[in-house]
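Engineer: Dropping a structure here in structure tokens format, bear with me for questions.
The values are calculated or read from the model by the stated rules, or taken from the named source; none is laboratory data. All of these numbers come straight from a predicted model, not from anything done at the bench. Neighbour counts run over all protein chains shown; Cβ positions are idealised from the backbone, glycine included.
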Amino acid sequence: MKSSVIAILPLAVGLTLAQNGVASPPPWGAPVTDAEALADTASKPKIESLKVPGTSIQRIRATMTIDAPIDRVRTVVFDYGHYPEFMPLYEKAGVIWTTPAGARLVHMELGGTLKMWMRVEISAPHTSASGVETYEGKLVQGSIKAFQPRWELESLGPQSTRVTVESFMDPDLPLVPSSLINSGARDGVRDAIIALKARIEGRTAAK
């Protein structure tokens, strides 16, 4: 069961909001766990678990520094057609449509103990005054109850980019304790961002 829960996030990552902008993120609250907060994000992801109002399922955030320019990072992050080649438990993925502004609709099929599928709409990028690119996603259709991913890309120099992946996912499994869902989601986000870093840097992710 846990393996199927882990599969949901990669999405990592997975995914529009309005084609002409993005909605403000909801007030997820302060981190409730941050055991890896002091990690060196060049070699190990910083993982945070955030409270979500109205549910015991947490929103998971992972951050890593990737040794590649932001253009390369952006290309791989949103190249869903190749996710099955490197992203854990992805069986099928692809972009259904895109807009000139950069929004897209993505279809994903995930394996594991339970087969799951999602169609996620990803917004066009919003770029802050400091140059951080933010992409918001929302579930359009799927075999799960809720999925709200978010990405941040920040250039740290010609060959360095900080990547943050966030995911709130409710797999609609009422008999499964939320603690197990949260643990699986945390593991899944960590594995996904590690696989993403390895793919961008041209390496094989460590097991």
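Engineer: Taking Glu166 as meeting all but one of (1) over 25 Å from Gly131 (Cβ atoms); (2) assigned to a strand (DSSP E or B), write down the number of the exception.
Structural biologist: (1)
Engineer: Where residues in segment 78-101 are under 15 Å from Asp191 (Cβ atoms) and of a type in the set (A, V, I, L, M), which of them is surrounded by the most Cβ atoms within 10 Å (Cβ to Cβ)?
Structural biologist: Per the criteria, the residue is Met87.
Engineer: Here's something else I'd like to know. Can you confirm whether Thr75 is more than 14 Å from Phe168 (Cα to Cα) and outside any strand (DSSP E or B)? Spell out the reasoning first.
Structural biologist: Numbers: more than 14 Å from Phe168 (Cα to Cα): yes; outside any strand (DSSP E or B): yes.
Spelling it out, Thr75 is indeed more than 14 Å from Phe168 (Cα to Cα) and outside any strand (DSSP E or B).
Engineer: Do we have Ile47 as crowded, with 17+ Cβ neighbours inside 10 Å, closer than 20 Å to Gly188 by Cα and more than 15 Å from the chain's Cα centre (by Cα) here?
Structural biologist: When the stated conditions are applied, Ile47 does not pass them.
Engineer: From Val165, Val176, Val140, which residue is surrounded by 23 or more Cβ atoms within 10 Å (Cβ to Cβ) and at negative phi?
Structural biologist: On the way: Val176 fails: surrounded by 23 or more Cβ atoms within 10 Å (Cβ to Cβ); Val140 fails: surrounded by 23 or more Cβ atoms within 10 Å (Cβ to Cβ).
Of Val165, Val176, Val140, the one residue that is surrounded by 23 or more Cβ atoms within 10 Å (Cβ to Cβ) and at negative phi is Val165.
Engineer: Hey, another quick one. Every residue in segment 145-162 that is surrounded by 16 or more Cβ atoms within 10 Å (Cβ to Cβ) and closer than 19 Å to Arg61 by Cβ, please.
Structural biologist: Within segment 145-162, the subset surrounded by 16 or more Cβ atoms within 10 Å (Cβ to Cβ) is 147-155, 160-162.
Phe147, Gln148, Pro149, Arg150, Trp151, Glu152, Leu153, Glu154, Thr161, Arg162 - these are the residues of segment 145-162 that are surrounded by 16 or more Cβ atoms within 10 Å (Cβ to Cβ) and closer than 19 Å to Arg61 by Cβ.
Engineer: Something else now. Ser130 passes all but one of (1) touching a Phe, Trp or Tyr at 6+ places or on another chain (Cβ under 7 Å); (2) not in a strand (DSSP E or B); which number fails?
Structural biologist: Condition not satisfied by Ser130: (1).
Engineer: Pick out the one residue from Thr75, Thr41, Thr63 that is at pLDDT 95 or above, under 17 Å from Arg162 (Cβ atoms), of a type in the set (S, T, N, Q) and surrounded by 16 or more Cβ atoms within 10 Å (Cβ to Cβ).
Structural biologist: Testing whether each residue is at pLDDT 95 or above, under 17 Å from Arg162 (Cβ atoms), of a type in the set (S, T, N, Q) and surrounded by 16 or more Cβ atoms within 10 Å (Cβ to Cβ) leaves just Thr63.
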